[in-house]
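Each reported figure results from applying straightforward, stated rules to the coordinates on display, with no laboratory input. Every value quoted in this text rests on a predicted model; they were computed, and no experiment measured them. Cβ atoms come from the backbone with ideal geometry, glycine included; neighbour counts cover every protein chain shown.
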Amino acid sequence: MKWQELITDGYGRVLQVLEKALAGLTLDDLKEQPHPDCNSIGWLTWHLTRVQDDHIADLMGEEQLWIKDKWYARFNRPPDRKDIGFGHSSEEVAAFKSPDVETLLDYYRAVLERSRRYISNLSMTDLDRELNEPWYQPLPTVGVRLVSVMSDCLQHAGQVSYVRGLLKGKGWLDV
C-alpha cells in the first residue's frame, strides 16, 4: 500500500461513519441538540466538512468548493469562506438550519473526492513543505496538516455517532 492510499483511506472512513450515523435521520433529528450548549448532528456534519474543504483548498492554493461549487446556496448560508464553524456561539449553532442528509453527504463526498485527488498527487517532499503559519511553532507541514484535518474530522464524525445514540438509543449501529 502506498502512503497516499493510507491517508485517503483514513479520510474515507469519515464518510463511512457519516453514512451509517446519518442513515434515516429527519430534519428534526439533524437539528436537535441534546443540550442548549451542544452541537447538533447537522451542524457537526457541516462543520467537519467545512474544515476539510477550507484546509485542503488552502493547501492546494485553490478556492473552497463551498464557494466554487456554490455549496453555500444548498445550505442556505452566505458565501463566506471563513464561516467554517470555529467560534460559533451556542446561539449560532441553535440557529443553524441543516439541509437534508443527502445534501450533507453529497457535500462531504465532493470534498472527499477533491481531497483524494490532491493527496494522490503529493510526493514525500510535498509532505515536508512548511506552512507559512508563524503563530505555530514549530511550523506545521503539509503532512502534519493532513493528519490534523483527518483527526478533527474523525473526532467530529464520532460525535455525530454519539449524538445519534443519545437521540435514538442503542441498536442503531449494525454490529
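Some values worked out for this structure:
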quantity: Descending Cα extents along the principal axes, segment 12-81, whole Å; calculated: 37, 28, 22
quantity: Neighbour-limited loop hits for trypsin sites (Lys or Arg not before Pro), segment 139-175 (at most 15 other Cβ within 10 Å; DSSP other than H, G, I, E, B); calculated: LYS170
quantity: For the chain, diffusion coefficient by Stokes-Einstein and Kirkwood Rh (Cα), 10 °C, 1.306 mPa s, µm²/s; calculated: 94
quantity: Cα-centre dipole for segment 1-82 with unit charges at Cβ (Lys and Arg positive, Asp and Glu negative), debye to 20; calculated: 120
quantity: Nearest-ten-degree value, helix 101-120 long axis tilted from longest Cα axis of the chain; calculated: 10
quantity: Of the chymotrypsin sites (Phe, Trp or Tyr not before Pro) in segment 38-117, those whose Cβ has at most 15 other Cβ within 10 Å and which sit in DSSP loop; calculated: PHE86
quantity: Residue pairs, from the table LYS2/LYS68; LYS70/LYS97; LYS31/LYS168, whose Cα atoms sit over 20 Å apart; calculated: LYS2/LYS68
